[in-house]
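Working notes, structure below.
The values are calculated or read from the model by the stated rules, or taken from the named source; none is laboratory data. Remember, predicted model here, so these are calculated numbers, not experimental data. Positions of Cβ are backbone-derived with ideal geometry, glycine not excepted, and every protein chain shown enters the neighbour counts. We work out accessible area using only protein heavy atoms, side chains counted, and drop any ligands, DNA or RNA first. Shrake-Rupley method; radii C 1.70, N 1.55, O 1.52, S 1.80 Å.
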Number of protein chains: 2
Amino acid sequence: MRVGFYQYKPLFGKVSKNLAKVCNALSKIEADLIVLPELAFTGYYFADRKEVMHYAEEVSNSICIDSLTALCREKNFYLVSGFTERHKDKCFNSSVLIGPQGLIHLYRKLHLFNTEKNCFDEGDIPLQVNAVMDSKIGMMVCYDWVFAEVSRKLALQGADIICHPSNLVLSYCQQVMLTRSLENRVFSITSNRTGVEKRPHGDLKFTGKSQLVAPNGDLLFRATTQKESLHVIDIDPAYARDKSLTALDNVFDDRRPQYY
Amino acid sequence: MRVGFYQYKPLFGKVSKNLAKVCNALSKIEADLIVLPELAFTGYYFADRKEVMHYAEEVSNSICIDSLTALCREKNFYLVSGFTERHKDKCFNSSVLIGPQGLIHLYRKLHLFNTEKNCFDEGDIPLQVNAVMDSKIGMMVCYDWVFAEVSRKLALQGADIICHPSNLVLSYCQQVMLTRSLENRVFSITSNRTGVEKRPHGDLKFTGKSQLVAPNGDLLFRATTQKESLHVIDIDPAYARDKSLTALDNVFDDRRPQYY
């Protein structure tokens, strides 16, 4: 299975331009699954909730999702993407799993980071995995990395690949995700953005270093901090179904949940 | 609070000699809490359950615990140590918290590693923290590092310092423990052993690199792979009670346990 990420710099508020850039870049590659960053088309650093509502889309009426679905159909691949979601009077920092058939699954970020707490509603959809080709896909978003429970929950539900759209501003996550893959014996794909987002209320600098990690915790590929990077590798998702750390040790069978 | 570890090479089956070595080394230092390796006095690589039973002691009738208690009284400090425990017809890979008043708490390793599965019974005591001076101490043993639930459980119970007697043979743990400290904002002290243990049934090489980690995931000190090392540093346990990652993010308050 050919999986990867597209690390780039969305321009704040330039949804059509960002969408065109992504569709153009992805139209040139051969892949089965590509992960895009958090809030991939609107940009990240919203002033307030009102500004989120201005740019957010309903999943049932979304130019972004329609365009990505068309791309998936044309390329016969799957996408995981951050999505600025409006739902009635609420707005969520969401992630969508999209295939040739359209929207497959919606995840709403459970753990809001920093000023997101002032702009978004907390996620309200249980963690869930979905079948994509011969693999099972779990989604989490950015700051969810701190909470081992998220990737654990997805892995226990059978996730082979954890897709992790991100807009990281701290320096910890990339190293921690090696642990998340190792402790659950799953692949992880962290798709981060690059660049500085300058807004009237301040600037945010993103850390790049999007990465692909193997179930044994090995770093398969890591992008640089600043450069845009569209990177695809071949993996065997079945490798994530072997939870053995050694011949006698299995990180799932060895659990003692009655003591947790 | 002055805390540290003693990384050394126990000689298999030479309990008195190992005990004398530890007591001699620790008699020369000023500290409040020292962590010793897993199975600190018997050695690690048992042939079978019968051999464990031969060397194991009951906590209520233990030369090791009596000697360590005497040392704690003399030095007015606390020790966490791996302990080869016999209890009726069972045997456990345990850890003991000892102070001037004697045995304070017993922990029995919940996750047995590799051939330990053939030699020991699985731990049967709930994870618990104990007050030591102005801090709260949690104990876990070696392979427990894989299971994020262990350090999480201890941290949620208020552990400031996770004491982690180990006999590590794989290469992952030291890096993962940086994550364990960071995700829980606790200090961790991993006390590993050095050297190769040669037994008739095979050799095991231990990885050393005992370490002290801060609640922000910073490595405060790491020993080398092979050299014995008795290292003590000053820490403020109260630092572990601030669970803030940033001014707006708190790794405990931000949890969404209803979704885990």
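General observations
- In the set A:HIS111, A:HIS105, only one residue is crowded, with 24+ Cβ neighbours inside 10 Å and either more than 14 Å from every other protein chain (Cβ to nearest Cβ) or out of contact with any Leu (no Cβ under 6 Å at 6 or more places or on another chain) (or both); that residue is A:HIS111.
- Flag for A:VAL132 being β-branched (Val, Ile, Thr), closer than 27 Å to A:ALA238 by Cβ and either touching a residue at least 60 places away in the same chain (Cβ under 8 Å) or open to solvent by 40 Å² or more (accessible area, probe 1.4 Å) (or both): yes
- Boolean, B:LEU127 is closer than 21 Å to B:GLN157 by Cβ, under 17 Å from the mean Cα position of the chain (by Cα) and within 14 Å of chain A (Cβ to nearest Cβ): yes
- Condition check for B:GLU74: over 20 Å from B:GLU183 (Cβ atoms), surrounded by fewer than 17 Cβ atoms within 10 Å (Cβ to Cβ), touching a residue at least 40 places away in the same chain (Cβ under 8 Å) and more than 16 Å from the chain's Cα centre (by Cα): yes
- Residues of the stretch B:233-248 classified as touching a Leu at 6+ places or on another chain (Cβ under 9 Å) and either open to solvent by 50 Å² or more (accessible area, probe 1.4 Å) or within 14 Å of another protein chain (Cβ to nearest Cβ) (or both), total: 2
- Taking the stretch A:138-186 as the range and being β-branched (Val, Ile, Thr), within 11 Å of chain B (Cβ to nearest Cβ) and open to solvent by less than 10 Å² (accessible area, probe 1.4 Å) as the test, the residues that pass are A:VAL146, A:VAL150, A:VAL176, A:THR179.
- Selection within the stretch B:142-191 - among the β-branched types (Val, Ile, Thr) and without any contact (Cβ under 8 Å) to a residue 60 or more places away in the chain: B:VAL146, B:VAL150, B:ILE162, B:VAL169, B:VAL176, B:THR179, B:VAL186
- Filtered residues of the stretch A:192-225 (kept if among the small types (Gly, Ala, Ser) and exposed (fewer than 14 other Cβ atoms within 10 Å of the Cβ)): A:GLY202
- Strands (runs of 3 or more DSSP E) contained entirely in the stretch A:169-252, each with at least 3 residues that are over 23 Å from A:PHE46 (Cβ atoms): A:187-191, A:211-213, A:219-222, A:229-234, A:244-246
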